[in-house]
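The values are calculated or read from the model by the stated rules, or taken from the named source; none is laboratory data. These numbers come from a predicted model, not from an experiment. Cβ placement follows ideal geometry from the backbone for every residue including glycine, while neighbour counts extend to all protein chains displayed. What goes into the accessible areas is simple: the full protein's heavy atoms, side chains included, and nothing from ligands, DNA or RNA. Shrake-Rupley method; radii C 1.70, N 1.55, O 1.52, S 1.80 Å.
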Amino acid sequence: MALLLLLLHFAEPETKSGSSIGRYAERIQEDSERALRPRLNAKYEPEAEREVIGWINALVPGANIQPGRENVYYSLRSGIVLIQLMESVLNQTPSLTPEAQRIRRPIVYSTMSAPFKQMENIEVFLNCAMAYGVPKASLFQTVDLYEGRNMAQVLNTLLQLGTECQRHGMRGPVCGPRPTYKNARQFTAEQLRSSEGIIGLQAGTNKCASQKGMSMGGQRHIADIRCDEMTPEGNARHIADIRCDNMTPEGSAVIGLQMGTNKCASQAGMSIGGQRHIADIRCDQMTPEGSAVIGLQMGLGQKQGANQSGMSFGGIRHIADGRVSEGSKEGASVIGLQMGPGQGQVASQSGMTFGGQRHILDSH
């Protein structure tokens, strides 16, 4: 429709007559049908055609529809064969729906070859089929049959009519798939309650991979760890101080999958000493041989910057552990520069004495 309005908008004034507009509309409609017809014909199934024409030939005397899409189209186009089929179905169905019982029989149809009369016959068949029980969504449109636009949908409607014949217990040949019936189930409260303990497949499956035969050390769940009581001194134990239980003898030599895999690289023959936590490591005292050695950590590399040969140290003492000894008697009455200059003294340190000298590195 939008394309038609666009063509009319840009058409020249002399082409806007009634006959020109009709020709443009017909051309557009023919082009659209020509493009859509191959896709609709691709859905046409020969198996469904054989089933339908066999059923019609069995119920309608003298129909004699031949296989082939064009043969089916020309045989059903007038709608007469379809009405005769519907009449035979109604006569052989013992229990009709209330809507089907209101259909006036025999069904009147027109034998005229006029297009609108043949389309009326098709419309009568569609109304009778819907009253018989065929869903409205399964019905074909009148133009689908009369103009041959969608013959696949015509076959689907006839197959659905055969399904409804099976549902209503028609005495005679039928076609189409078997009908489906409502099968409602009632569950008790106990059955509904028991389903709450079932893990559905939405949560996964354990059928694909097996962990059968795997062994681990003593298991301890994270939720099972608790802080011990406070010590008598009042010190609380931190969670980092909680230790895991010892592994069982069977699991001590097993590396669990949580720790990785030992299939790629072998650690055979490796031994480990006793475990030692980092917080438990302390610095030992220096050996006599190393007391006179200045490591590279304490100065420039390889003693190339300044020569400290011959220097010796006393025992190592951390700065936080150092204390100052008492001053000597000679230095008790002397005020060091750390206390500030005395009265009348500006910058001279002449005559000043100190207690015993003590180097910071020699303190112990």
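Here are the numbers for this structure:
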read-out	value
Test: Gly162 is small (Gly, Ala, Ser), under 23 Å from Ala63 (Cα atoms) and in contact with a Gly (Cβ under 8 Å, 6 or more places away or on another chain)	yes
Residue in the stretch 50-64 that is farthest from the chain's Cα centre (by Cα), counting only those that are within 21 Å of Cys165 (Cα to Cα) and part of a loop (DSSP other than H, G, I, E, B)	Pro61
Hits in the stretch 79-116 - residues which are surrounded by 17 or more Cβ atoms within 10 Å (Cβ to Cβ), farther than 19 Å from Leu159 by Cα and under 51 Å from the mean Cα position of the chain (by Cα)	none
Boolean, Met119 is more than 48 Å from the chain's Cα centre (by Cα) and either modelled with pLDDT under 95 or open to solvent by less than 30 Å² (accessible area, probe 1.4 Å) (or both)	no
